[in-house]
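Worksheet: one structure, shown below.
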Amino acid sequence: MVKQLSVLALSLGCGVFTGPADFSHAAATFGCGPADGLATWITLASQPIPPAGPRFPYVAIMIDQPLSALAGQTFLVGNGGTAGATYVGVLNSFEYASTGRVIIGSVDADSTIHGQVSLTFPSRQAVGAFTAPWIQRTGILCG
């Protein structure tokens, strides 16, 4: 059973509730971190994630650790944290999470990641559980 992640969209000008949007699809893969070392990327999206990448809108999470170091860990987002998150609403329109956390409960033998997020973006929050199957990618070199 896949639990759903909801993003609540709020209008900052008048505080009117305009959500929620369903982010029930997830995927994970490796990539390069900020120091060009191995990192884990998790994508949360409202539609299935094709091999070419997610459709708008989606949340991209970067954890500055390899897959083998994730299980049972909490990663903070924001100043001094070891994770970062971006909400991408449409092409060239994105917001960085100012605070939050990503909790990785477990990683299965097939590298599927089970976790929870609580992220605060300038105009919305993303809170909920996710199950992210691992997508093996080739041709990415870090370092």
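The values are calculated or read from the model by the stated rules, or taken from the named source; none is laboratory data. Quick caveat, the model's predicted, so the values are computed rather than measured. Quick reminder, even Gly has a Cβ in these numbers, built from the backbone with ideal geometry, and neighbours come from all protein chains shown. Areas reflect the complete protein model, heavy atoms only, side chains present, ligands, DNA and RNA absent. Shrake-Rupley method; radii C 1.70, N 1.55, O 1.52, S 1.80 Å.
Things to note:
- Solvent-accessible surface of the stretch 23-122, averaged per residue with a 1.4 angstrom probe and all protein chains in place: 48 square angstrom.
- J(HN,Hα) series, the stretch 89-99, from Karplus relation 6.51 cos²θ - 1.76 cosθ + 1.60, nearest Hz, glycine and proline x: x, 8, 3, 6, 10, 9, 9, 8, 5, 8, 8
- Taking the average, over residues, of other Cβ atoms within 10 Å as the packing measure, peptides 108-120, 90-102 rank 108-120, 90-102 from highest down.
- Counting only protein heavy atoms and a probe of 1.4 Å, the accessible surface of the stretch 24-110 is 56% carbon and sulfur.
- The C-alpha atoms of the stretch 47-143 occupy a region whose extents along the principal axes are 37, 30, 29 Å, arranged from largest to smallest.
- Ranked packing of 29-36, 122-129, most packed first, by mean Cβ within 10 Å: 122-129, 29-36
- Residues whose placed amide H lies under 5 Å from that of residue 135, excluding near-sequence neighbours: 28, 29
- Amide H contacts under 5 Å for residue 82, placed H, 5+ residues apart: 76
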